[in-house]
Amino acid sequence: MIPGCIGYVYLGAAAGNAAAGGGDDGSTVKILLTVVGALAAVFAVGLAAKQAKAELDAVILEAREAEQAEAGAPAVEAAAAAAAAAATADSGAAGPPV
């Protein structure tokens, strides 16, 4: 949540700066760095959200498996393997999240 907040503040400041004509001198380099910084902020927030979702999915899967084990339900190996594979595919990682 904090990276998103920082990203929104940065985007707001960059938009205000662009609306004001790019600041004091409006140099091309300054405008280019502002745009690159805004794109980097959006990318970082998206990457953090994707990793958080993968971790949350893994925790939910572990909790469900623990509930099934406590209830004496038979293990659902194929479903657990498929869910883990889907979480790994969503996260883009080669192995399980650390």
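Checking each residue in region 45-55 for being modelled with pLDDT of 85 or more and in contact with a helix residue (DSSP H, G or I) (Cβ under 6 Å, 6 or more places away or on another chain) picks out 48, 54. Go through the residues of region 19-31 one by one and say whether even a single one is surrounded by 10 or more Cβ atoms within 10 Å (Cβ to Cβ), farther than 27 Å from residue 86 by Cα, modelled with pLDDT of 75 or more and of a type outside the set (Ser, Thr, Tyr). Checked against the condition, which is being surrounded by 10 or more Cβ atoms within 10 Å (Cβ to Cβ), farther than 27 Å from residue 86 by Cα, modelled with pLDDT of 75 or more and of a type outside the set (Ser, Thr, Tyr), region 19-31 yields at least one hit.
Can you tell me which residue in region 1-15 is modelled with the highest pLDDT, limited to those that are under 17 Å from the mean Cα position of the chain (by Cα), in a helix (DSSP H, G or I) and of a type outside the set (Ser, Thr, Tyr)?
Initial filter on region 1-15 (under 17 Å from the mean Cα position of the chain (by Cα)): 1-8.
Okay, now just the ones that are also in a helix (DSSP H, G or I), so 2-8.
Those left that are additionally of a type outside the set (Ser, Thr, Tyr): 2-7.
Details: 2: 72, 3: 68, 4: 71, 5: 78, 6: 75, 7: 73.
Ranking the qualifying residues of region 1-15, first place goes to 5.
The values are calculated or read from the model by the stated rules, or taken from the named source; none is laboratory data. Not measured: the values here are computed from a predicted model. For neighbour counting, all protein chains shown are included, and Cβ atoms are generated from backbone atoms with ideal geometry for every residue, glycine included.
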